[in-house]
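Heads up, the thing below is written out as structure tokens.
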Amino acid sequence: MGKSRSGRRQAAAEAVVEPVDGGLAELMPDRDRARAWTLLVDGAPQSHVDLDDPAYLSFEYQRRLGHVIDLVAPPGRPVQAVHLGGGALTLARYLAATRPRSTQQVVERDAALVQLVRRELPLDPGARIRVRSVDAREGLTKVPDGWADLVIADVFSGARTPAHLTSTEFLDEVRRALKPGGCYAANLADGPPLAHLRGQIATAAARFQELALIADPTVLRGKRFGNAVLVASDRPLPVAELTRRAASDPHPGRVEHGRQLTDFTGGAVPVTDAAAVASPAPPPSVFR
């Protein structure tokens with residue numbers, strides 16, 4: 001019997017390029033890992049997946065979100081998680097691998113992208129992962145009250161976070177879906193003068209008692225465009241352990257919390273639906 005189409009493709013390490021709802025998707029083989037792929041949409045890197053090792057997180061910001069997943073509950077305990085934004089389902093795969101029997105809901109608006117990922121990068125059939133192809137905020141409204149231990153927001157359209165996912169009203173919906181003491185984590189992208197990032201911290205502070213921010217120090221100093229992971233909860237966060245893990249990453253990150261994080265906002269005010277705008281577009285040099 002001959003090899004399957006996907007088997008021949010992987011053996012030859014060929015890229016897979018297809019139009020999806022959000023643009024042109026490319027699955028690029030990782031030359032250093034036998035069954036690993038990077039997903040790009042319109043040239044912007046979205047996800048990295050290693051089918052042989054789903055616990056491997058290549059992207060800097062995904063490693064930081066992985067730290068949050070690791071610390072959201074005692075090690076090994078199954079959790080209930082909502083992922084707003086799916087990409088190649090990297091973080092859902094990671095959670096399923098590191099916390100077996102967890103139940104996950106993924107909301108990814110791009111139905112064609114979901115079909116591509118499911119076909120070319122199949123999920124473990126034993127993973128309890130449900131994917132809905134609707135708008136992130138609409139999908140969040142379908143989550144039962146107090147269902148989630150963890151809500152992760154990693155939604156980008158044209159490399160920008162949509163405006164309706166940046167407001168206090170959006171976070172009201174996040175809080176409704178979270179269990180008491182549950183955790184919210186968001187991947188944010190910004191560059192100098194960091195007005196979007198400061199506004200998002202102020203917005204989260206208006207709805208959650210405890211906040212932490214994980215980012216590259218050069219991003220926090222406004223020296224370059226990059227990602228920052230915002231973590232929020234109504235219970236004390238494991239700041240010391242987050243700090244230790246972020247500092248030990250291949251690209252070390254810094255954790256800000258408490259007074260330093262409040263000072264960082266520089267008087268920014270919470271964002272409402274009426275005033276919300278999409279996050280800034282990254283400069284072209286970011287993806288070169």
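The values are calculated or read from the model by the stated rules, or taken from the named source; none is laboratory data. The structure presented is a predicted model; accordingly, all values stated were derived computationally and were not measured. Neighbour counts run over all protein chains shown; Cβ positions are idealised from the backbone, glycine included. Just the protein is used for accessible areas: all its heavy atoms, side chains included, with ligands, DNA and RNA removed. Shrake-Rupley method; radii C 1.70, N 1.55, O 1.52, S 1.80 Å.
How many of the residues making up the range 120-165 are in a loop (DSSP other than H, G, I, E, B), β-branched (V, I, T) and under 14 Å from the mean Cα position of the chain (by Cα)?
Restricting attention to the range 120-165, the residues satisfying the condition of being in a loop (DSSP other than H, G, I, E, B) are 121-127, 133-135, 142-147, 154-156, 158-159, 161-162.
Next, from what is left, pick out any that are β-branched (V, I, T): 134, 143, 155, 161.
Filter once more, so that each one left must be under 14 Å from the mean Cα position of the chain (by Cα): 155, 161.
Total satisfying the criteria: 2.
Being touching a residue at least 40 places away in the same chain (Cβ under 8 Å), of a type outside the set (D, E, K, R) and open to solvent by 40 Å² or more (accessible area, probe 1.4 Å) is the filter here, so list the residues in the range 123-147 that pass it. Within the range 123-147, just W147 meets the criteria.
Where strands (runs of 3 or more DSSP E) fall entirely within the range 166-271, those with at least 3 residues that are among the small types (G, A, S) and within 21 Å of D154 (Cβ to Cβ) are at 178-190, 226-233.
Which of the residues that make up the range 176-187 are within 21 Å of I214 (Cβ to Cβ) and crowded, with 18+ Cβ neighbours inside 10 Å? Quick ask: steps written out before the conclusion?
Let us first name the residues in the range 176-187 that are within 21 Å of I214 (Cβ to Cβ), namely 178, 181-187.
Scanning the range 176-187 gives L178, G182, C183, Y184, A185, A186, N187.
All conditions but one from (1) polar (S, T, N, Q); (2) farther than 21 Å from Q62 by Cα; (3) in contact with a Cys (Cβ under 6 Å, 6 or more places away or on another chain) apply to S233; the one that does not is (2).
Of all residues in the range 55-114, those satisfying the criterion of being charged (D, E, K, R) and either open to solvent by less than 20 Å² (accessible area, probe 1.4 Å) or assigned to a helix (DSSP H, G or I) (or both) are E60, R63, R64, D70, R93, R99, D110. Within the range 208-244, if we keep just the residues that are open to solvent by 40 Å² or more (accessible area, probe 1.4 Å) and either in contact (Cβ under 8 Å) with a residue 60 or more places away in the chain or acidic (D, E) (or both), the residue that is nearest to E173 (Cα to Cα) turns out to be D234. The selection criterion, being closer than 18 Å to Q104 by Cβ, touching a strand residue (DSSP E or B) at 6+ places or on another chain (Cβ under 8 Å) and among the hydrophobic types (A, V, I, L, M, F, W, C), does not hold for A189.
For the range 45-61, name all the residues that are in contact (Cβ under 8 Å) with a residue 60 or more places away in the chain and either within 27 Å of K142 (Cβ to Cβ) or of a type in the set (S, T, N, Q) (or both). Break it down stepwise before answering.
Initially, the range 45-61 is screened for residues in contact (Cβ under 8 Å) with a residue 60 or more places away in the chain, giving 45-46, 49, 51, 54, 60-61.
Q46, V49, P54, Y61 - these are the residues of the range 45-61 that are in contact (Cβ under 8 Å) with a residue 60 or more places away in the chain and either within 27 Å of K142 (Cβ to Cβ) or of a type in the set (S, T, N, Q) (or both).
Return yes when P282 is open to solvent by less than 50 Å² (accessible area, probe 1.4 Å), within 19 Å of F225 (Cβ to Cβ) and part of a loop (DSSP other than H, G, I, E, B) and no when it is not. Criteria met by P282. Under the condition of being assigned to a loop (DSSP other than H, G, I, E, B) and not charged (D, E, K, R), which residue from the range 25-54 is most open to solvent (accessible area, probe 1.4 Å)? In this case the residue turns out to be A34.
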